[in-house]
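Reading through the structure tokens given below for one structure.
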Amino acid sequence: MHLPNILFNDSTTLVQIGIMINTHPQPSPTQTILIYTHTQQTLQDTIADLRSCTEQVTWLTAPDHSLHSNNPGTLAPTLAHALQARENARRLYRYTLAHPLVDELALERDMARDLEQELFQNLLVDLKSELAILDHLLGLYPRRGGFP
């Protein structure tokens, strides 16, 4: 089983899971639950990060927001962070679609498999929705490609 670096923010976790996978071709049920739970949490964190970016950009560009007029240098770093968050989310979305984790889990009961697939599908729908919202918002700024 191959796991990408994008699923793991903590290098210690990546090393521990990498060792488990390399020493055991078929992960144990405990290892499988660990991988599944971590992937689920990563999807949820990515969705929350996209929502946060959208809210920050919307708040900074609101007509009645006084910080924007007093500190015009705040928008550029916020847009740069939003672009980076969008790219990370796209990468995670593509990987999750290309490597369905639910199939690798080998869950024993059909009902459990259906529940897990539904949960992942809901997370992927939410992620795609947040990506579309952020894409639309970033599309309103003509120099969006000029940020680092």
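When segment 37-50 is filtered for residues that are over 14 Å from LEU124 (Cα atoms) and crowded, with 16+ Cβ neighbours inside 10 Å, the ones remaining, listed by number, are HIS38, ASP49.
Restricting the first member to segment 52-74 and to residues that are within 25 Å of ALA89 (Cβ to Cβ), and the second to residues that are modelled with pLDDT of 65 or more and of a type in the set (Lys, Arg), the beta-carbon pairs closer than 9 Å and six or more apart or on different chains are CYS53/ARG86. Of the helices (runs of 4 or more DSSP H) entirely within segment 1-114, those holding at least 2 residues that are among the β-branched types (Val, Ile, Thr) and either modelled with pLDDT of 55 or more or more than 14 Å from the chain's Cα centre (by Cα) (or both) occupy 11-23, 29-60, 75-98.
The values are calculated or read from the model by the stated rules, or taken from the named source; none is laboratory data. Source: prediction; values computed, not measured. Cβ: placed from backbone, ideal geometry, glycine included. Neighbour counts: every protein chain shown.
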